[in-house]
1. Of the residues Pro271, Pro243, only one is open to solvent by 40 Å² or more (accessible area, probe 1.4 Å) and at pLDDT below 90; which?
2. Go over the candidates Ala183, Ala166, Ala178, Ala188 one by one and state the one that is in contact (Cβ under 8 Å) with a residue 60 or more places away in the chain, of a type in the set (A, V, I, L, M) and surrounded by fewer than 16 Cβ atoms within 10 Å (Cβ to Cβ).
3. Residue by residue through region 224-249, note down the ones that are polar (S, T, N, Q) and more than 16 Å from the ligand (Cβ to nearest atom).
4. Just to be sure I understand, how many residues within region 206-223 are within 14 Å of the chain's Cα centre (by Cα) and either of a type in the set (A, V, I, L, M, F, W, C) or more than 16 Å from the ligand (Cβ to nearest atom) (or both)?
5. Condition first: part of a loop (DSSP other than H, G, I, E, B), touching a helix residue (DSSP H, G or I) at 6+ places or on another chain (Cβ under 6 Å) and either farther than 21 Å from Glu61 by Cβ or touching a residue at least 40 places away in the same chain (Cβ under 8 Å) (or both). Now tell me which residues in region 253-294 satisfy that.
6. Tell me which of these Ala174 doesn't satisfy, since it passes every other one: (1) more than 26 Å from Ala45 (Cβ to Cβ); (2) in contact with a His (Cβ under 9 Å, 6 or more places away or on another chain); (3) at pLDDT 95 or above.
7. Identify, please: which residue in region 191-238 is basic (Lys, Arg) and out of contact with any Lys or Arg (no Cβ under 6 Å at 6 or more places or on another chain) and is, among those, most open to solvent (accessible area, probe 1.4 Å)?
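The values are calculated or read from the model by the stated rules, or taken from the named source; none is laboratory data. Keep in mind that what you see is a predicted model, and the values were worked out from it rather than measured. Here the Cβ is made from the backbone with ideal geometry for all residues, glycine too, and neighbour counts use every protein chain on show. Note: accessible area is taken over every heavy atom of the protein model, side chains too, but ligands, DNA and RNA are not part of it. Shrake-Rupley method; radii C 1.70, N 1.55, O 1.52, S 1.80 Å.
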Amino acid sequence: MMSGFSRSRAAGLLAGAALLTTAACGSGAAETPASGSAQTSASGAKPEVVAAFYPLQWVTEQVGGSDVQLTTLTAPGVEPHDLELGVKQVSDIQNAALTVYIKGVQPAVDDAVAADKSFDAATAVTTLPAGEHAEEEGHAEEEHGHEEVGYDPHIWLDPSRLATVATKLGERLAAADAAHAQAYKDRAAQTAATLGTLDQEFTKGLSTCMAKTLVTAHEAFGYLADRYKLKQVGITLDPETEPSPARLSEVAKVAKAEGVTTIFTEALVSPKVAEVLASQVGAKTAVLDPLESKPSGDYLSAMRDNLKTLQTALGCTA
Ligand SMILES: [Zn+2]
């Protein structure tokens, strides 16, 4: 049971982090915003920063470097959308100098954060509307929360948007920990440049392709499609909900009409639905990682794997 191991390891990290916070700030939850923002560097302790799930963890590691004490709420191998928070995680959020999250991914986190000590990465970028069939599937909002916010929250799958998030995060960390402001801004600039390079690789790699339509099991790739001029047709918005037969036959029709050769599935979700659809339309399946959980490498290597998978599936020649 890999996830059991990961959970207990994460719990240990969280426990250690809570001790540090207690030593550094006393009763953090009761502080006023005015005293809470500037006191971190005076004591010499690193500011506590909480990341909600993997892509935000990655970007916070890059920008925060060794100047922050980082914890992540979602353990590796766990689907972040249905995360429930324990008492300790709620208190970690309350004690943190900053919680980095995306409103609309995890309702429990949305409820736990305080406006003055959190950074909603979705506010840093131009968002896209939630999936076009969100209204047809009335059950989708129960676990996924997309309809509540009205936009598609999967912004990290566009490297250019994630670069903007890195820059804004650098500004937020600089404000929270003035003693290291320049270091945060420097690392943010480096991270944005790295993501800019990745963005160029995608632009070039997906510029000359036979097909432009992505059929995905989990409708998570809207920003990637938007950025690189592809069209996403998602089977379901919520990775854990079975699509209706009507939705399946609708997607099958589109897939046939557009000559789709590959139906994309993902590691944390059963491939059954994608396999059924693939056999109906005579296509293969391939894994495209929505990066909602930690990959075996990191954000950059997993995105480069995604690019290769897309190039093969779409018949790209660049
Ligand atoms: Zn998702």
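1. Only one candidate passes the filter, namely Pro271.
2. Sole residue among the options that is in contact (Cβ under 8 Å) with a residue 60 or more places away in the chain, of a type in the set (A, V, I, L, M) and surrounded by fewer than 16 Cβ atoms within 10 Å (Cβ to Cβ): Ala178.
3. Ser244, Ser249
4. 2
5. Filtering region 253-294 for residues part of a loop (DSSP other than H, G, I, E, B) gives 258-261, 266-271, 282-283, 288-294.
Still in the running and touching a helix residue (DSSP H, G or I) at 6+ places or on another chain (Cβ under 6 Å): 288-289, 291-294.
Result: Leu288, Leu291, Glu292, Ser293, Lys294.
6. So the condition that Ala174 fails would be (1).
7. Within region 191-238, the match that is most open to solvent (accessible area, probe 1.4 Å) is Lys229.
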